[in-house]
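The values are calculated or read from the model by the stated rules, or taken from the named source; none is laboratory data. All figures in this text were calculated on a predicted structure; none of them were measured in a lab. Counting neighbours? That spans all protein chains shown, and the Cβs are built from the backbone with ideal geometry, glycine included. Please note that ligands, DNA and RNA were not included when accessible areas were found on the heavy atoms of the full protein model with its side chains. Shrake-Rupley method; radii C 1.70, N 1.55, O 1.52, S 1.80 Å.
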Amino acid sequence: MKMNEYYGFSVSPFSDKNQVLYESKDYMEINKRMEFYLEEEGIALITGLHGTGKTKMVKSLLPGKDKVIYVYGGELTLFEFLNSIGTQLEIETKHCHISNIMQDINRRVLTHTKNEERVIVVIDMVEKIQSKILESLKSLQDSSKGIYLILIGHSKFRSRSRDPKLKSLISSILINYDCAGLSMNETKEYIKQR
């Protein structure tokens, strides 16, 4: 017997086809904070345990008119990280020097800003990104007026925030939220909604 039939789900709760988001306390909190954040300019940090829906919630709240870039954490070098952003901005990023890539990113962000379009860089699984790359995020944000950085990751990333090398980045965080996950009552409501 299939899971959906066994539990009486009309749609698998784990499917990407499931477009309906349950408006949990976490969702409502992130929604309010993202509204504020998108009126400002800076860095957002959304953390939580695996499976709490951080990425899905953030993606659902981003305006469709803006240029949204997704970078997934992992064993990236600084060059690969910036190259990923540049490629998604449709920049020819075959430079050998990181400073050239950053200049090209700055120019492209300026073009989007002139067209009244924000450039939002969503960095998922931020806990897996090297400190050197995290340090460079602050430089990127400072030099690229009009760029928004959203860091999404596991709650354990918060322990790295005490690293003195990341002080500049951490002090620039405009919104900061740790998802608690569904409460018992929210879990019951979520199941009924399905």
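In this structure the amide hydrogen of Ile69, modeled in the peptide plane, comes within under 5 Å of the amide hydrogens of Ile120, Val121, Val122, none closer than 5 places in sequence on its chain. Along the stretch 64-81 the Karplus relation, 6.51 cos²θ - 1.76 cosθ + 1.60 evaluated at θ = phi - 60°, assigns HN-Hα couplings of x, 7, 8, 8, 10, 10, 10, 10, 9, x, x, 7, 8, 7, 4, 4, 5, 4 Hz to successive residues, with x for each Gly and Pro. With axes computed from alpha carbons, what is the tilt in degrees of helix 184-193 against the longest principal axis of the chain, rounded to the nearest 10 within 0 to 90? Relative to the chain, helix 184-193 is tipped by roughly 80 degrees. The charge dipole of the chain, taken about its Cα centre with unit charges on the Cβ atoms of Lys, Arg (+1), Asp and Glu (-1) only, comes to about 280 debye. Along its principal axes, the chain has C-alpha extents of 56, 36, 33 angstrom, given from the largest down. Rounded to the nearest 10 degrees, the inclination of helix 131-143 to the longest alpha-carbon principal axis of the chain is 70 degrees. A helix-only calculation puts the chain at -13000 deg cm²/dmol for mean residue ellipticity at 222 nm, using -39500 (n - 2.57) for each DSSP H run of at least four residues, averaged over all residues. Taking 35 Å as R0, compute the FRET efficiency from the Cβ-Cβ separation of Thr113 and Ser155 and round it to 0.05. It comes out at approximately 0.60. In whole percent, and with a 1.4 Å probe on the protein chains, what portion of the accessible area of the chain is carbon and sulfur? For the chain, the apolar C and S fraction of the accessible surface comes to 52 percent.
Of the residues Pro63, Ala44, Ile85, the one whose Cα sits farthest towards the positive end of the charge dipole of the chain is Ala44 (charges of +1 on Lys and Arg Cβ, -1 on Asp and Glu Cβ, taken about the Cα centre). The stretch between Lys59 and Glu35 holds 7.3 nm of extra length on full extension. This uses 0.36 nm per residue minus the Cα-Cα distance.
In order along the stretch 150-163, the Karplus-derived 3J(HN,Hα) couplings, from 6.51 cos²θ - 1.76 cosθ + 1.60 at θ = phi - 60°, round to 10, 9, 10, x, 5, 4, 5, 4, 4, 5, 6, 5, 8, 5 Hz, and Gly and Pro are given as x. Rounded to the nearest 10 degrees, the angle from helix 98-114 to the longest Cα principal axis of the chain is 70 degrees. Rolling a 1.4 Å probe over the protein heavy atoms gives the stretch 1-132 an accessible area of 58 Å² per residue. On the basis of the beta-carbon distance and an R0 of 45 Å, Ser10 and His97 show a calculated FRET efficiency of 0.25. Along its first, second and third principal axes, ordered by size, the stretch 1-107 spans 56, 36, 26 Å in Cα coordinates. When restricted to Cα atoms, the stretch 97-179 yields an Rg and a Dmax of 13.5, 39 Å, respectively.
Modelled this way, with points 7 Å down the Cα-to-C-beta line, the labels at Ser171 and Lys128 are 3.1 nm from one another.
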